[in-house]
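What follows is one structure encoded as structure tokens, with my remarks underneath.
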């Protein structure tokens, strides 16, 4: 289904401070807003010292999703994208929350990396502002992380994400809402230390415009305006006045600033310390505000997948080029794997679009680890894919691709698949198809290959070659005989005739 055929499309941002839902109707190249909701959940505050998300915190988030879910009912697969950010990246028990959230929403939840979050924020900002030829610095202070991007038009040149956010810092340095000079100095110093790793690179690249894109920056800008500093932008003078004002008050409960909503008072000091550190580290004097941010970027990225460009394709192509991979072999394996999928998809229940995408991606990058070393290259490839920042891919996407790449040759360990809960059988079947396609093209195009017929069963795949072909090609026959032994250890039967 094309995006223009969707009744509506939606982005749901499960942030560390707030959950935001944006529901729009694509029409004539524009997005007409149908519904825009936001609710403070403060998921980051519900994570304990063991990085466990509390049951109470989960319930607060799930209750919010139940209120949002009615707006998503009836939207088809592909029309909704749900992304989790810093709090879900950090929580060790995130899968428990994700499974419950998916049951409520009826759509998958992706946990995205910090750099992917930064890329999407920049995309949302770029679509929300007038076109600008120069380089633009975009800053977003979230509940658990802060993102920094230097981009030009719609292209992000540098994406960085730091583990500092208004909820986390307020919880750590302003416990109980108490604001003192010593506590504020600790928060400011912690932020400056975080920034040390990126400030030189950002300053060296430079920019001509500075944009802030978050609720924290919006509230600070409005508070600056109410105090007589600017017209809603954040300024050094405004920050200095706000700092002295909140230190004089001494408590978050006493904060009563125009532009600062009551539910944001408890995290205002943490956000202010972070933005002061950012201004000092990057030598800023002012920062304009933008309403567009992550959820808008998620929507435009989603629509791009259905229209002119899927950034994931560009990401994989760039990765293959950097690794000097054999593009022709990758294309042969991908084509054969997808052709095999067509023969077995109904019997093996592999009819979902994401399953086809996953198999194609894994086939394309299965040799990526050879850039490290040929010995154990499947292990090297899995590590690279799982731990790289791959634009457009969620952490779950990368983990599943890495599993298929790790398992595409030699010993097949079924226990690795059990880590993926409800998708374990699906991933094992996709892995069998990938291994088949790789063996089928072991000759790397040096000989013509015949058409084969695949007959799937529950834990079995029968491969039928044309009569006499295997006897005439003993190396391929030996390949498949060895493969049958590997799969037998995984309690899977491969029969080749």
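Some points to look at:
- Residues within the range 103-123 that are buried (at least 24 other Cβ atoms within 10 Å of the Cβ) and without any contact (Cβ under 8 Å) to a residue 60 or more places away in the chain, tallied: 1
- In the range 47-82, residue nearest to residue 10 (Cα to Cα) [restricted to those that are touching a strand residue (DSSP E or B) at 6+ places or on another chain (Cβ under 8 Å) and without any contact (Cβ under 8 Å) to a residue 24 or more places away in the chain]: 57
- The residue list 443, 394 contains one member that is in contact (Cβ under 8 Å) with a residue 24 or more places away in the chain and under 22 Å from residue 481 (Cβ atoms), which is 443.
- Residues that are in contact (Cβ under 8 Å) with a residue 24 or more places away in the chain, in a loop (DSSP other than H, G, I, E, B) and over 25 Å from the mean Cα position of the chain (by Cα) within the range 333-381 comprise just one, 349.
- Qualifying residue in the range 437-445 (condition: under 30 Å from residue 94 (Cα atoms) and exposed (fewer than 14 other Cβ atoms within 10 Å of the Cβ)): no
- Residue count for the range 216-261 under the criterion of being assigned to a helix (DSSP H, G or I), out of contact with any strand residue (DSSP E or B) (no Cβ under 8 Å at 6 or more places or on another chain) and within 20 Å of residue 288 (Cα to Cα): the result is 12.
- Scope the range 267-306; condition touching a strand residue (DSSP E or B) at 6+ places or on another chain (Cβ under 9 Å) and not in a helix (DSSP H, G or I); matching residues: 282, 284, 285, 286, 287, 288, 289, 290, 293
- Looking across the range 75-97, the residues that are buried (at least 21 other Cβ atoms within 10 Å of the Cβ) and either touching a helix residue (DSSP H, G or I) at 6+ places or on another chain (Cβ under 6 Å) or within 16 Å of residue 43 (Cβ to Cβ) (or both) come down to 81, 82, 83, 84, 85, 86, 87, 88, 91, 94, 97.
To keep it simple, each residue is scored yes or no on (1) assigned to a strand (DSSP E or B); (2) over 21 Å from the mean Cα position of the chain (by Cα); (3) not assigned by TED's automatic domain parsing to the domain that holds residue 141.
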{"residue": "19", "(1), (2), (3)": "yes, no, yes"}
{"residue": "31", "(1), (2), (3)": "yes, yes, yes"}
{"residue": "34", "(1), (2), (3)": "yes, yes, yes"}
{"residue": "58", "(1), (2), (3)": "no, no, yes"}
{"residue": "66", "(1), (2), (3)": "no, yes, yes"}
{"residue": "74", "(1), (2), (3)": "no, yes, yes"}
{"residue": "78", "(1), (2), (3)": "no, no, yes"}
{"residue": "87", "(1), (2), (3)": "no, no, yes"}
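Condition check ((1) on the phi < 0 side of the Ramachandran plot; (2) surrounded by 14 or more Cβ atoms within 10 Å (Cβ to Cβ)) across all residues:
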{"residue": "173", "(1), (2)": "yes, yes"}
{"residue": "176", "(1), (2)": "no, no"}
{"residue": "183", "(1), (2)": "yes, yes"}
{"residue": "186", "(1), (2)": "yes, yes"}
{"residue": "190", "(1), (2)": "yes, yes"}
{"residue": "193", "(1), (2)": "yes, no"}
{"residue": "201", "(1), (2)": "yes, no"}
{"residue": "207", "(1), (2)": "yes, yes"}
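- Qualifying residue in the range 280-287 (condition: buried (at least 16 other Cβ atoms within 10 Å of the Cβ) and farther than 22 Å from residue 136 by Cβ): no
- One residue from 358, 282 being at negative phi and assigned by TED's automatic domain parsing to the domain that holds residue 435: 358
The values are calculated or read from the model by the stated rules, or taken from the named source; none is laboratory data. Just so it is clear, the model here is predicted, and its values are computed rather than measured. With ideal geometry, Cβ positions are generated from the backbone for all residues, glycine too; neighbour counts draw on all protein chains shown.
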